[in-house]
1. Quick check on my filter: what residues within segment 274-292 are at pLDDT below 95 and assigned to a helix (DSSP H, G or I)?
2. Could you give every pair whose Cβ atoms fall below 8 Å, whose first residue belongs to segment 201-215 and is within 9 Å of Val161 (Cβ to Cβ) and modelled with pLDDT of 95 or more, and whose second residue is basic (Lys, Arg) and open to solvent by less than 20 Å² (accessible area, probe 1.4 Å), counting only separations of at least 6 or pairs across chains?
3. If you scan segment 136-159, which residues turn out to be open to solvent by 10 Å² or more (accessible area, probe 1.4 Å), touching a Leu at 6+ places or on another chain (Cβ under 8 Å) and in a helix (DSSP H, G or I)?
4. Give me the helices (runs of 4 or more DSSP H) completely within segment 160-273, filtered to those with at least 1 residues that are within 27 Å of Ala75 (Cα to Cα), ordered by residue number.
5. Tell me, please, whether a residue that is at pLDDT below 90 and open to solvent by 40 Å² or more (accessible area, probe 1.4 Å) can be found in segment 167-177.
6. Looking at segment 187-222 only, could you name the residues that are hydrophobic (A, V, I, L, M, F, W, C) and farther than 23 Å from Glu61 by Cβ?
7. What about Ile100, is it surrounded by 19 or more Cβ atoms within 10 Å (Cβ to Cβ) and either farther than 20 Å from Glu15 by Cα or within 25 Å of the chain's Cα centre (by Cα) (or both)?
8. Could you tell me which of the residues Ser328, Ser262 is open to solvent by less than 90 Å² (accessible area, probe 1.4 Å) and modelled with pLDDT under 75?
Amino acid sequence: MTSSWPLSTVVGLDELAPLQRTISDGAGQSTGIHPIGDHPGWLAKLYRTPGDRSEATRLDELIALPGTIGAEDSATLSTSTSWPVARITDGDDLVRGCVIPAAPDRFRQDGDQDFREIDTLARTAESFARHGLRTPSRADRLRVCRNLVRVAEVLERHELVYSDWSYSNAFWCHADASVFVIDIDGCGTGSVPNIAQPNWDDPLTPRPEDADACTDRFRVALLVTRCLTGQRDLTVALNDLAESDGLGNRGLREVLLDMLLSEDRARRPSLAELGTVLAGGLYARFGAPPARSQIPDRPAPAPPVTVASAAPGTNVDWKTPATTSSPSSGTPQRETALIGIFFGVVVLVLLVVIIANNA
């Protein structure tokens, strides 16, 4: 575990020198994430656009939050997220970036420097085996999702919206099913910009509308569903979920379907309810259940490609199925054969007549 941040909660960029080469490509809102040379285990995340006074206030409130909440929630943020510990200034720029903890090495892939992103859970057991990877059990999937939702519960409990729940923003450890959520310094109270990667849009919160707690509920449920079913395609994942026993807990199936399919976004179950069911508790719905939109039909399987037999060495077009003869396709051949037989019989009769006359 990384030791406590030794400097102030507001530091100048020059105080962090020397910064090492970025470990990030600088996608999204940052220009790069740099290891801090004199402080191993800590990273400087530099923003593409410097922030103003309101941004400084928002970030300072995030930095102070772990010290103002209960010990359990504080520990979750400190050990399971890249929670910011300091605001970086630079000259007149009040917010040039923030200091965050590096993800522990246990979240790296086996024998690899890359981190094990949570999207690796969104694959079937057959896919794991095909790639020579350790296959997570049903219990593994449940534990990882429970730990992920625990982070989401803390944010919801303290009225913080994350918005950017997706594959690449969380790591998981195969050994203990722990998780580590990154890019969490963008959280805000009430509502935040509706940030979403492709295939993560909330159908009831179309952009450019802001994201709020209801949006987070949908995206967390979507991430959990993909990780539990091992399916990336939403339609396939929904059908697999609906036809399953919820990995041994039918209440889990129902709460996820309510979160994903509710026609009223305000009636989506809370992340605390999802966390309770993931921990083995009951899904207690009060009043009538929310009306759900219909699950789309499962995609039809791709038709098999039939390839005509060919002699060795013959090139075969694998994209074009071999054609088959229709019932009428043999008619010209049959007509030709009948004509041949007719002429054969005529010739035979003539030969018989000639022989008889010469006898």
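1. none
2. No pair meets every condition.
3. Hits for segment 136-159 are Arg138, Arg141, Leu142, Arg146, Glu153, Glu156.
4. Numbers: elements: 213-229, 234-242, 250-261.
Of the helices (runs of 4 or more DSSP H) lying wholly inside segment 160-273, those with at least 1 residues that are within 27 Å of Ala75 (Cα to Cα) span 213-229, 250-261.
5. Restricting attention to segment 167-177, the residues satisfying the condition of being at pLDDT below 90 are none.
There is no residue in segment 167-177 that is at pLDDT below 90 and open to solvent by 40 Å² or more (accessible area, probe 1.4 Å).
6. Residues satisfying the conditions are Ala196, Trp200, Leu204, Phe218, Ala221, Leu222.
7. Working: surrounded by 19 or more Cβ atoms within 10 Å (Cβ to Cβ): yes; either farther than 20 Å from Glu15 by Cα or within 25 Å of the chain's Cα centre (by Cα) (or both): yes.
The answer is yes for Ile100.
8. Working: Ser262 fails: modelled with pLDDT under 75.
On inspection, the qualifying residue turns out to be Ser328.
The values are calculated or read from the model by the stated rules, or taken from the named source; none is laboratory data. Owing to the predicted nature of the structure, the values given are computational and were not obtained by experimental measurement. Every residue, glycine as well, gets a Cβ built from its backbone with ideal geometry; the counts of neighbours run over all protein chains shown. Only protein heavy atoms, including side chains, enter the accessible area calculation; ligands, DNA and RNA are left aside. Shrake-Rupley method; radii C 1.70, N 1.55, O 1.52, S 1.80 Å.
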